[in-house]
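A.B. asks: The structure follows.
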Amino acid sequence: MRSPFTTGPFKSGSRLLIGFGAVLLALGLGGAAAMHFGLVPVSARPPHNALTTAVLHDTFRASVERRAREVEPAPDLADPGLIALGARHYGQVCSSCHGGPGLGQSPVALSMRPRPQSLPAVVDGFSASELYVILRDGVRFTAMPSWPSDGNFNEIWAVVAFLRQLPEMTPEAYRAATVADVAGTGAPPAMAWTRRGPQMPVKLHDEAAPIEDYLYAAPSTGWRPIGLQDMPVAYCAACHGADGTGAPTGGQAPNLAILDADTIAARLRAYAEGTRESGIMATVASSLSGPQIEALAAYYADLPDRTLGAPDRSDPERGAVLARRGDFARALPACGACHGGEAGASGLGVPRMAGQGAAFLERRLDSFAAEDGPDRQGWNPMPAIAKALSPDERAAVATYLAGLPADDPLVPARPPVPAEAGADDEAAELLLRCTACHDPGPALGADRDLSPNLTLQSAAYLDHQMALFDAGRRPVGSMQQAAHEMTAEQI
């Protein structure tokens, strides 16, 4: 008996499938041969034909529209400081390909395939969320790169805010927005390249083979030859101002005048290496030589301490309580516990915050709350702290800190302590409870492997840990009970 698969419609169907498979195999072999023998044209000289242009453009729009639906709502894109910060970055990076209002595009950009569009002509066709997605992710198979960092994406909104202004801008307004005005401040000092300095490996995205074909390292040539031109201060002043305060961007760029040279130099090296994430700063810092980083740090650290002051908004009194005392009930430490005193006094490598720009501080706190800060490697308490604060509280803290003089030590406020704890009956009784687990000698806990030495800790640290026990966020039953039974003043 014959199989039904060898006769009738089954036999015809099998032949059809075999024929179809043979055609696909032939096409595949033909395509492979064409690629191997160099028959596929890869020249960027002729423009794309209409079909290629339509396929690429439609695929691009559909993909961007879909991903834009997942983006969180944008911040206030009308903020003049945010627009100014985006303008500086656009002028130093994006304008090389996308041009400006009333200004033609570079011949290099117009020779790319596909060509980057003149953004003043097309930017109105994209929503703010779509622009954010394009800047963050880039566009594959084009010259549009992804954002040159793997985090701190909050700063992308500054560029989006500026892009929304392009269609209505005149060439004169564009130049004023994107070119730093250092007139009247004296000629910025030259900072010669002189020598490269130590080469630093750059951490950027996922490296792809062949690794030997690329060099992830700094110093680099830079997108623009900022370092090689020996005038990096002129570029830094675009955002930070000649006085370092961040005034050109309304305080969106940090106040460098209040920072010490070691902190500035360490930040620049971290931005260059990619260990501190910022697409804006990576472009600048990676182009600087080692001596230029040291020279810039010394230049800004030697400037007189100036601040922009607190903006007329928010609730600085609430900010004062949070910055000076924290919130015991929510286990929130005072800002001064880490950021107070002389720079580096905490041993944590954190900068002082008194006198820092309010807009910068608020944007940084918002980034931490979204777990998208610049320092995502290693232990960092800021995401948990910022997330526990409401947006209004973050604004209040930023406003209060900005209104302080730069030399304010931001020492945490503490309840008064008796001159002699042993003479105070309540303090003596409380200390007696501690000795149940911590050694009662001069160094409490020194001889107990499982009990820490309390005399080696700072008051601010002990206060914060007791708050964590009281809130149940440190799972040690005996300490949770002890914290519950004590008031904040007793602690």
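A.B. asks: Suppose we keep only residues that are in a loop (DSSP other than H, G, I, E, B) and farther than 16 Å from S286 by Cα within the range 195-240. Which one would you say is modelled with the highest pLDDT? I'd like the intermediate steps shown before the answer.
C.D. replies: Taking the range 195-240 and keeping what is in a loop (DSSP other than H, G, I, E, B), we get 195-199, 202-210, 214-216, 219-231.
Still in the running and farther than 16 Å from S286 by Cα: 206-210.
Values: D206: 80, E207: 80, A208: 77, A209: 80, P210: 84.
In this case the residue turns out to be P210.
A.B. asks: Follow-up. Where the second residue is assigned to a loop (DSSP other than H, G, I, E, B) and the first is among the acidic types (D, E) and lies in the range 139-163, which pairs have Cβ atoms under 7 Å and are six or more apart or on separate chains?
C.D. replies: Pairs found: D150/H205; D150/E277; E155/S278.
A.B. asks: Mind checking whether some residue in the range 258-274 is at pLDDT below 90, closer than 23 Å to D150 by Cβ and crowded, with 22+ Cβ neighbours inside 10 Å?
C.D. replies: Taking every residue of the range 258-274 in turn, at least one turns out to be at pLDDT below 90, closer than 23 Å to D150 by Cβ and crowded, with 22+ Cβ neighbours inside 10 Å.
A.B. asks: With the condition kept exactly as written, say whether any residue in the range 290-301 is in contact (Cβ under 8 Å) with a residue 60 or more places away in the chain and not in a helix (DSSP H, G or I). Steps first, answer last, please.
C.D. replies: Residues of the range 290-301 in contact (Cβ under 8 Å) with a residue 60 or more places away in the chain: 290-293, 295-296, 299-300.
This time we only want the ones that are not in a helix (DSSP H, G or I), so: none.
For the range 290-301, residues in contact (Cβ under 8 Å) with a residue 60 or more places away in the chain and not in a helix (DSSP H, G or I): absent.
A.B. asks: Which residue pairs have Cβ atoms under 7 Å apart, sit 6 or more places apart or on different chains, and have a first residue in the range 244-269 that is closer than 15 Å to A297 by Cα and among the hydroxyl-bearing types (S, T, Y) and a second that is assigned to a loop (DSSP other than H, G, I, E, B) and at pLDDT 95 or above?
C.D. replies: Within 7 Å, the pairs are T245/N255.
A.B. asks: For the range 197-238, which residues satisfy the criterion of being among the charged types (D, E, K, R) and either within 22 Å of the chain's Cα centre (by Cα) or surrounded by 12 or more Cβ atoms within 10 Å (Cβ to Cβ) (or both)? First the steps, then the outcome.
C.D. replies: Here is the first cut: in the range 197-238, the residues among the charged types (D, E, K, R) are 203, 206-207, 212-213, 224, 230.
Selection gives K203, D206, E207, R224, D230.
A.B. asks: Please verify whether the range 306-315 includes one or more residues that are modelled with pLDDT of 90 or more, basic (K, R) and touching a helix residue (DSSP H, G or I) at 6+ places or on another chain (Cβ under 7 Å).
C.D. replies: No, the range 306-315 contains no residue that is modelled with pLDDT of 90 or more, basic (K, R) and touching a helix residue (DSSP H, G or I) at 6+ places or on another chain (Cβ under 7 Å).
A.B. asks: Would you say E172 is in contact (Cβ under 8 Å) with a residue 24 or more places away in the chain, of a type in the set (D, E) and outside any loop (DSSP other than H, G, I, E, B)? I'd like the intermediate steps shown before the answer.
C.D. replies: Values: in contact (Cβ under 8 Å) with a residue 24 or more places away in the chain: no; of a type in the set (D, E): yes; outside any loop (DSSP other than H, G, I, E, B): yes.
So E172 fails the test.
Residues are listed down the side, and each one gets a yes or a no for (1) modelled with pLDDT of 80 or more; (2) over 18 Å from L135 (Cβ atoms); (3) of a type in the set (K, R):
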residue: P9; (1), (2), (3): no, yes, no
residue: L17; (1), (2), (3): yes, yes, no
residue: H36; (1), (2), (3): yes, yes, no
residue: A50; (1), (2), (3): yes, yes, no
residue: V55; (1), (2), (3): yes, yes, no
residue: V64; (1), (2), (3): yes, no, no
residue: L82; (1), (2), (3): yes, no, no
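A.B. asks: Among the residues of the range 452-465 satisfying the criterion of being surrounded by 14 or more Cβ atoms within 10 Å (Cβ to Cβ) and without any contact (Cβ under 8 Å) to a residue 60 or more places away in the chain, which is nearest to A483 (Cα to Cα)? Write out each step before concluding.
C.D. replies: Step one: of the range 452-465, the residues surrounded by 14 or more Cβ atoms within 10 Å (Cβ to Cβ) are 452-454, 457, 460-461, 463-465.
Filter once more, so that each one left must be without any contact (Cβ under 8 Å) to a residue 60 or more places away in the chain: 452-454, 457, 465.
Values: P452: 16, N453: 18, L454: 15, Q457: 17, Q465: 9 Å.
If we take residues in the range 452-465 being surrounded by 14 or more Cβ atoms within 10 Å (Cβ to Cβ) and without any contact (Cβ under 8 Å) to a residue 60 or more places away in the chain, then Q465 is nearest to A483 (Cα to Cα).
The values are calculated or read from the model by the stated rules, or taken from the named source; none is laboratory data. Here the structure is a predicted model, which is why all the values come from computation and not from measurement. Heads up, the Cβs are rebuilt from the backbone with ideal geometry, glycines too, and the neighbour counts pull from every protein chain shown.
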